[in-house]
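Structure first, then comments.
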Amino acid sequence: GLSDTLALLDSMLENAPIGFAFFDRKLRYVRVNQFLAGMTQMPIGRHLGRSIAEVLPDPAGEMLQRQVQSVFETGHPVTQFELNTTVPGDDAQVRNWLINVYPVKATSEAVRWVGAIVVETTERKRAEEALRKTEKLAAAGRLAASIAHEINNPLEAVTNLLYLLRRQPSLDQEATG
């Protein structure tokens with residue numbers, strides 16, 4: 001039973017479509033799944049035994065270190081914090097992650113490790129930014145159309161009066177002057 005449970009958990013960690021990482025008290029990676037390795041574009045072996053600072057550049061690494069350290073000190077999870085960083089070898093594009101860190105306790109009450117669940121939100125952020133730009137362009141288009149309409153109304157009235165003056169010879173000299 002125990003080995004089946006461990007095999008099930010191990011399979012879940014490895015195959016889940018979100019990133020998992022576990023850290024020891026020295027803020028070193030002790031376990032990383034393949035999905036997280038893909039997010040950071042660094043093999044699992046380059047994570048294990050290394051500190052957060054060695055894997056993630058500043059200031060993102062510093063922020064993650066603070067959150068993990070907070071969980072070790074308080075025993076309380078830190079939920080839904082955003083991390084923005086560039087990933088080496090990713091053409092210096094900013095990547096966005098939503099992270100939850102939580103305590104992992106053994107049989108005692110002390111926090112033995114800290115786990116992290118990482119969801120990449122880069123594409124969602126890009127889509128949100130594109131939507132914001134589209135909305136701004138649409139608003140500018142509506143404003144331009146409104147201004148054109150407001151200018152067109154008096155111009156159309158003047159055009160109609162000029163047409164009448166040219167076509168109606170019966171209008172007196174005062175109207176055409």
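Any read-out appearing in this document is the output of simple, stated calculations on the displayed coordinates, not a laboratory observation. Keep in mind the model is a prediction, meaning the values are calculated, not measured. Cβ atoms come from the backbone with ideal geometry, glycine included; neighbour counts cover every protein chain shown.
Annotations
- For residue 86, nonlocal amide neighbours, meaning residues 5 or more places apart or on other chains whose placed amide H falls under 5 Å from its own, are 95.
- Amide H contacts under 5 Å for residue 33, placed H, 5+ residues apart: 20
- In terms of packing, defined here as the mean over residues of other Cβ atoms within 10 angstrom, the peptides 61-68, 106-113 line up highest first as 61-68, 106-113.
- Between the amide H of residue 112 and those of 104, 105, 106, distances stay under 5 Å, these residues lying 5 or more places away or on another chain, with hydrogens modeled in the peptide plane.
- Net charge, residue 29 excluded, C-beta distance under 10 Å - Lys, Arg +1, Asp, Glu -1: +2
- Rounded FRET efficiency, nearest 0.05, which uses the C-beta distance separating residue 3 from residue 46 and R0 of 25 Å: 0.30
- Within the shell defined by Cβ-Cβ distances under 14 Å, the residues around residue 6 carry a net charge of -2, with Lys and Arg each +1 and Asp and Glu each -1.
- For the chain, projected area of the alpha-carbon convex hull averaged over all directions, nm²: 19.4 nm²
- Spacing of the two label points (7 Å from each Cα toward its C-beta) at residue 156 and residue 74, in nm: 6.3 nm
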